[in-house]
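S.K.: Could you have a look at this structure, given as structure tokens, before my questions?
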Amino acid sequence: GHIDLDFQGVLIGMEPVTGEDSASISGKLVRDGAPAEGVTVGIGMVDLPASEKAGVGMPGWTGTTDAEGSYVIEGLPAGTYYLQPGFAVGDGTFFPSQPGNNVVDVGQGQVAEADDLIVLHEITPVSPGQGLRVSTPPVSLHWTPVPVADRYEVTFERGILPTTKTNAAYLPEDLVINSDLHYWSVQAYGKNSDLLGANQVTFRFTYLPPED
């Protein structure tokens, strides 16, 4: 089944337990059909409890993709592993849910080749900025563009705004924005309706009108 990892920005390097830990796993990360460089990939052993994976939610071993999007994780004991790219919020990479998170079996001294993993563009807010307090209600929302996006779908509060081709969306003129905390999100899609980008965290801003 699908395994979710909370692996965001903190790396703990692991040394081989014994000299016999000589297995390795290699694979490739892809974004927009091209190699994704400089992304950390973490793994954990499927049959170990979380307390033995170097910390709660922390994979025990890591590798980083090169210019070809390839990574190698070495010094592993034989076993069954799951793989997932790591990321820090704001680093431009987003990992979507993928069935199984690429579970791989590897024997002692073997090199296992994992299937390609797909990473997305991380979309971040431009205006209103994340966590910003505004004194006038915004009339539009702006975010960082995804280079190959065909369209964007934007959700403001619980409503879905009209699809847009650009990295901006105008709010309905009859929409009443109360003095409160508001939230929104964006997803980017390609011409084949494949998901290309998303926001890792919900965008938020607070509208506080000036006091009389």
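The values are calculated or read from the model by the stated rules, or taken from the named source; none is laboratory data. Since the structure is predicted, the reported quantities are computational estimates derived from the model, not experimental observations. Every residue, glycine as well, gets a Cβ built from its backbone with ideal geometry; the counts of neighbours run over all protein chains shown. The area values use the complete protein model at the heavy-atom level, side chains included, leaving out ligands, DNA and RNA. Shrake-Rupley method; radii C 1.70, N 1.55, O 1.52, S 1.80 Å.
S.K.: Are there strands (runs of 3 or more DSSP E) fully within region 98-165 with at least 3 residues that are open to solvent by 20 Å² or more (accessible area, probe 1.4 Å)? List them.
M.R.: Details: elements: 104-106, 111-113, 120-122, 125-127, 132-134, 140-143, 151-156.
It comes to 125-127, 132-134, 151-156.
S.K.: May I ask you to list the residues in region 180-212 that are in a loop (DSSP other than H, G, I, E, B), within 20 Å of Ser140 (Cβ to Cβ) and open to solvent by less than 70 Å² (accessible area, probe 1.4 Å)?
M.R.: Hits for region 180-212 are Asn199, Thr202, Pro209.
S.K.: Would you check which residues across region 40-99 are of a type in the set (Asp, Glu), modelled with pLDDT under 70 and more than 23 Å from Ala188 (Cβ to Cβ) and list them?
M.R.: Asp47, Glu52
S.K.: Here is a follow-up. Find all pairs meeting these conditions: Cβ atoms under 8 angstrom apart; at least six residues apart or on different chains; first residue within region 146-171 and under 12 Å from Ala188 (Cβ atoms); second residue open to solvent by 80 Å² or more (accessible area, probe 1.4 Å) and assigned to a strand (DSSP E or B).
M.R.: The qualifying pairs are Glu153/Ile160; Val154/Ile160; Asn167/Val126.
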